[in-house]
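Coordinate-derived values only; no laboratory data. Just so we're clear, the structure is a prediction, and the values are computed from it rather than from any experiment. Note that we place each Cβ from the backbone using ideal geometry, even for glycine, and neighbour counts take in every protein chain shown.
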Amino acid sequence: MANQAPSEKSLKKIERFVQHFCEKSGMNTHSDKSITDSIVKGLAANLEELGKPLCPCRFYPDKKEEAKHRTWICACDDMQVYKYCHCLLFVTPEGFPVTEYLPEDHEGRSTYGLVKDPTPELGRKLRDHAEAREKERRERHS
């Protein structure tokens, strides 16, 4: 299944999800449409293969096992906790992921510097779970 293009139905489902998530989180999709399209296609393919939109921008030794965890199901824990999107699917109007809420030692901070949240009143549904997310990151290395 991984080599087949996802169905139009799955692509439309993910596109609707992305649009809705942008509205509720105050984020934008990347201005380079090829980036957005590639990620949407990967999410749709994983939705068909695994039954969940597992983030296509990461390597997983076992995708089926990883899909059992909430961590990298789009919108992933880093997006829900920190409003940080590794894929660059959800970005600021300038095209950068928000890094304002990340732990100081997170690779996003060293890569992008401090990027403020343009809509701090929106998104971060799991913000109160930052401590648990960091514990999982240390223990599970996902």
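Could you list the GluC sites (Glu not before Pro) in the stretch 42-120 that lie in coil according to DSSP, counting only those with at most 11 other Cβ atoms within 10 Å of their Cβ?
94, 104
Taking every Cα atom in the stretch 54-113, find the radius of gyration and the maximum pairwise distance Dmax, and write them in Å.
Answer for the stretch 54-113, Rg first and Dmax second: 12.0, 35 Å.
Compute all pairwise cysteine Cβ distances in the chain, then list the cysteines with no distance under 4.7 Å to another cysteine.
Unpaired cysteines in the chain: 22, 55, 74, 76, 85.
Using Cα positions and a limit of under 19 Å, work out the lysines in reach of residue 13, with same-chain residues fewer than 8 apart set aside.
Cross-link targets: 24, 33, 41, 52.
Using a simple spin-label model with points 7 Å from Cα along the Cα→Cβ vector, what separation in nm is obtained for residue 38 and residue 116?
Here the answer is 3.1 nm between the modelled labels.
Can you give the percent of C-alpha pairs in the chain whose distance is more than 28 Å?
When all Cα pairs of the chain are counted, 15 percent exceed 28 Å.
From the residues 42, 30, 91, which one has its Cα farthest along the dipole of the chain in the positive direction, the dipole being from +1 and -1 charges on Cβ of Lys/Arg and Asp/Glu about the Cα centre?
Of 42, 30, 91, it is 42.
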